[in-house]
Structure formats: C-alpha cells, structure tokens
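Report on the following structure.
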Amino acid sequence: MHFKELTKPDGRHLTLYSNQPIPDGIVAPSPFADPQHANPHLRWHPLRGEWVTYAAYRQNRTYQPPPQYNPLAVTVDPAHPTELPQGEYEIAVFDNRFPSLSFESHDPPVLTVPTAPANGHCEVVVFTQDPVSSLGALPLSRIELLLAVWGDRTTRIGGQHHIHYVLPFENRGAEVGVTLHHPHGQIYAYPFVPSVPARMLAQEREYYLQHGTSLLCDMARDEAADGKRVLYEGEHAIAFVPPCARYPYEVWVMPTAPCKDFAALTPPQREDLARALKTVLLKYDHLWDRPFPYLMTWYQAPTDGGEHPETQLHAQFFPPYRTRDRLKYLAGTEIGAGMFAMDVLPETTAYELQQVPANLEESA
C-alpha cells in the first residue's frame, strides 16, 4: 500500500492511498479557503448513561448537490476546487469539514447536565474517483485496499489524543439520509467507547471469561455448520444473516479466526474478507435490480491500550427496507423500549439472498 500526505488550504489533512506508487506534484484542493474552527461539545444523558454530541454548524453542510457541484468529485477547474485533486490514486481520506468531534474542541457550555469537549476526530473516506460507482462495483483489489486503509487510519488515529474507539462506516442511499451520493464512507474516532460497542464488548468479555473463546468466532462456526443463513463462506471469512437479526436484510461479515481489528488482518484474511464483503454488496444490489441502501458499520477492538482478546472485527449491515417497496420504520417498542419486533424470519430473507447470484469479477 502506497500513500501520500497533503495539507489543504484551510489546514485540513488529506491522505491519498493506492496499490501503486502515487506520483509527486499533486496539490490538495479545498472548496474552503479558511479553517472551520469547529468546536463541538458533549452533553451527558443521565437516563441513558451516554454522551450526545452537539455541532450546530453541521446544519449548513452540503446537502444533496447536483452532480456538477459534487464536492467529492475530482477538481476540474482550479477556480472552483472540490475536496479531491486530480492524479493517479485510488482512495482519498480527509478531515471532515463539518465534524461532530474535533481535537480542537474546547470550553464546553456549563449546563444542568455534565458537559465536556468533544475531543475526537471525523474523517471522510472516498472509495473511488468515479462519482456514479459504488463500493460493491469496485474490483476486489480496491476493496482489499480499503480494508488496509481502515487499518492504517485506526492505527494512526487510535494512537493519539486519548482516542478509545475508531468506527468506520458507510451510509448508502437517500433512504438512510445520505447527503452526498459519491461513493464514500466516514470514520469517527471517539474519546470513549460508545454505548453500542461498549454493550457488545461487555457481552463478548463475559463469554470469553466463561468459555475462553470468542463469542463471534463460535457463532460463525455454528452458522457455517448450520448453513441456513450463510451467504458466503471462504477459507478465512464468512457472511451470514444472523439468527437474531433486527432488520429484515441484516447481514454480518467477519473473519472466521480471531482478529481484533483491521490492523491485525493477515493478507489471506484481508483477501477473503474482501470477497465476503463484495458478495454481500452484489447480492444486495441484484436482489431487486436496483441500488440497495444500507448502513454498514465495522466494529473492532477499542484503542485504549488493552489487549481485548474477547472481541472480533466484524461488520453489521442495517438495510432500511423490509420488502421491495416498504421501508422498516422503528416503532414505539423499538425506539422507546429498545426491543426490536420482526415481521419476517431471518431464514426467509437469508434464503432470498442466497438465491441471488454474485459474480466477484463484476466491476463498474
């Protein structure tokens, strides 16, 4: 993996990645001349026992612009710069102009609940220079590179400013609130372990203390043996609809052997994990022969200095559709009580997805 670090005119960092050497002479552009001076802050939710971040300036961020004003496209006219430069590279990562977390956060307001600086970091990860492609349409070599990039970013960000958790994710489709349709994801780096991964880590830790093995690795082994919900099974990775799915077309993707984070992936694991990921994405898009919206979140070990043998790198997909034409809206029991109610069995949606072909050589 090759990379080149640059600085934008407004002071933000841009890192370019490629499987091939990146030529010199590339200049980092920015649609903005001056720094944002972002200063988000945290407020404590006493009933839920978790932090909420506030960044009012995000109300003015770019929202679904027409294609000719795509800020993630490559700059064509230097007089009207975008976020990406021209040049030979495959993936670009840059500091979010409108972050919910910032290393520069300071002086939070004094309120009736505890507050704190939102001392974290937010990055944008652009998967391709092609504005009409998608993650699933990219070649396997690009997806492997992306897995390596996520590992590099986790190592870099997790080692500074007391960052305790690094979360790569992708929101795809207007149905989940995407504001820019150019293929991209984000990385959030938190100064604490957020409540959702913290709860999962607690369950993994309890299981590890009782059994001496990984909960998710054992679950993957059992799913492979059962086979009813498996969408992909390779030598080093697996993808399946979990038997406890809370969304009709929910899918989990993971290495089958213990692997705590992206940086710990071996080359064979990374290669097979890319195949598992692309298989799921292709099945999604071919299920109804149209772009399939989803939230994709990758969970990994905290970057708090601990060993964390209990946890396992894995992705969870949360698609918003429950049928071809009907969205799944969260109801009172789900938002108010936290107990999800499913109208379809995971075995049924797994069977649907199993019937969808996925040609791994397919690319845009």
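The values are calculated or read from the model by the stated rules, or taken from the named source; none is laboratory data. It should be emphasised that the depicted structure is a prediction, and the values quoted were computed from it without experimental measurement. Positions of Cβ are backbone-derived with ideal geometry, glycine not excepted, and every protein chain shown enters the neighbour counts. For accessibility, only protein heavy atoms count, side chains too; no ligands or nucleic acids. Shrake-Rupley method; radii C 1.70, N 1.55, O 1.52, S 1.80 Å.
Rounded to the nearest 20, the Cβ-based charge dipole of the range 90-227 about its Cα centre (Lys and Arg +1, Asp and Glu -1) stands at 240 debye.
Among beta bridges identified by DSSP and lying wholly in the range 1-117, the antiparallel ones come to about 95 percent. Across the range 172-245, Cα-Cα pairs more than 21 Å apart make up 55 percent of the total. Peptides 99-106, 351-358, 115-122 ranked from most to least packed, by the mean per-residue count of other Cβ atoms within 10 Å: 115-122, 99-106, 351-358. Computed on protein heavy atoms with a 1.4 Å probe, the accessible areas place 107, 222, 152, 130 in the order 107, 222, 130, 152, largest first.
In the complete set of protein chains, residue-level accessible area for residue 278 is approximately 0 Å², probe 1.4 angstrom.
Compactness of the range 246-350, taken as the C-alpha radius of gyration over 2.2 N^0.38 Å, stands at 1.24. Compactness of the range 1-51, taken as the C-alpha radius of gyration over 2.2 N^0.38 Å, stands at 1.83. Principal semi-axes of the equivalent ellipsoid, √(5λ) from the alpha carbon gyration tensor of the range 56-191, are 28, 19, 14 Å from largest down. Distance distribution note for the chain: the fraction of Cα pairs above 33 angstrom is 29%. Solvent-accessible surface (1.4 Å probe) assigned to residue 206 amounts to roughly 100 Å².
Each 5 Å bin from zero holds the following percent of Cα-Cα pairs in the range 291-339: 5, 15, 15, 16, 16, 14, 11, 6, 2, 0. Between 173, 185, 212, the GNM of the chain built on Cα springs shorter than 10 angstrom shows 212 fluctuating the most. With all protein chains in place and ligands, DNA and RNA left out, the 1.4 Å accessible area ranks 262, 318 as 318, 262, largest first.
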